[in-house]
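One structure is given below, encoded as structure tokens.
The values are calculated or read from the model by the stated rules, or taken from the named source; none is laboratory data. Please read these numbers as outputs of a predicted model, since none were measured by experiment. Backbone-built Cβ (ideal geometry, glycine too); neighbour counts: all protein chains shown.
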């Protein structure tokens with residue numbers, strides 16, 4: 001079973017180097033039913049619970065047109081994850097692998113991604129199914145699924161206005 005900040009046999013941690021500010025801005029907060037990694041699913045499911053992407057001002061107008069898509073890619077910051085492991089042992093199976101060969105949340109820059117199904121939009125909140133992150137996770141970005149470049153509905157007048 002996964003334990004918080006556990007180092008398993010064969011895993012290796014390193015000292016974290018100093019950081020350079022990339023100018024990362026959180027655009028919102030994710031609300032899910034899970035408050036611990038022990039509760040959260042290993043991967044999101046299309047039939048999972050409805051989760052809420054609460055978008056902060058001034059980013060709310062950026063939601064215009066998102067309802068044209070069935071699937072979205074959600075990019076989030078795994079703020080409670082370790083960042084110092086370079087070798088990991090998935091599922092404690094003693095098969096040690098490099099962090100970059102895994103989808104583990106434990107990584108130097110703990111970005112998570114999920115392809116989710118759009119359920120609806122309520123003002124500044126996007127309702128989705130398919131997430132696997134903890135309640136309160138910072139939202140980094142939201143975009144149409146990379147496989148769905150063409151909107152599902154025809155464009156409406158004013159959708160592509162330039163100023």
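Looking only at residues of segment 1-50 that are outside any loop (DSSP other than H, G, I, E, B) and within 18 Å of residue 90 (Cβ to Cβ), we find that the one that is modelled with the highest pLDDT is 13.
Take the conditions touching a strand residue (DSSP E or B) at 6+ places or on another chain (Cβ under 7 Å), within 24 Å of residue 8 (Cβ to Cβ) and loosely packed, with under 15 Cβ neighbours inside 10 Å and apply them to residue 35. Does it pass? Explain how you work it out, then say what you get.
On the way: touching a strand residue (DSSP E or B) at 6+ places or on another chain (Cβ under 7 Å): no; within 24 Å of residue 8 (Cβ to Cβ): yes; loosely packed, with under 15 Cβ neighbours inside 10 Å: yes.
So residue 35 does not fit the description; no.
Selection of segment 107-119 for residues being closer than 12 Å to residue 53 by Cβ and out of contact with any helix residue (DSSP H, G or I) (no Cβ under 8 Å at 6 or more places or on another chain) yields 114, 116, 119.
In this structure, is residue 65 out of contact with any helix residue (DSSP H, G or I) (no Cβ under 9 Å at 6 or more places or on another chain), at positive phi and modelled with pLDDT of 85 or more? Spelling it out, residue 65 is indeed out of contact with any helix residue (DSSP H, G or I) (no Cβ under 9 Å at 6 or more places or on another chain), at positive phi and modelled with pLDDT of 85 or more. Restrict the check to segment 97-104 and report whether at least one residue is within 17 Å of the chain's Cα centre (by Cα), at pLDDT below 90 and loosely packed, with under 12 Cβ neighbours inside 10 Å. Yes, the conditions are met somewhere in segment 97-104.
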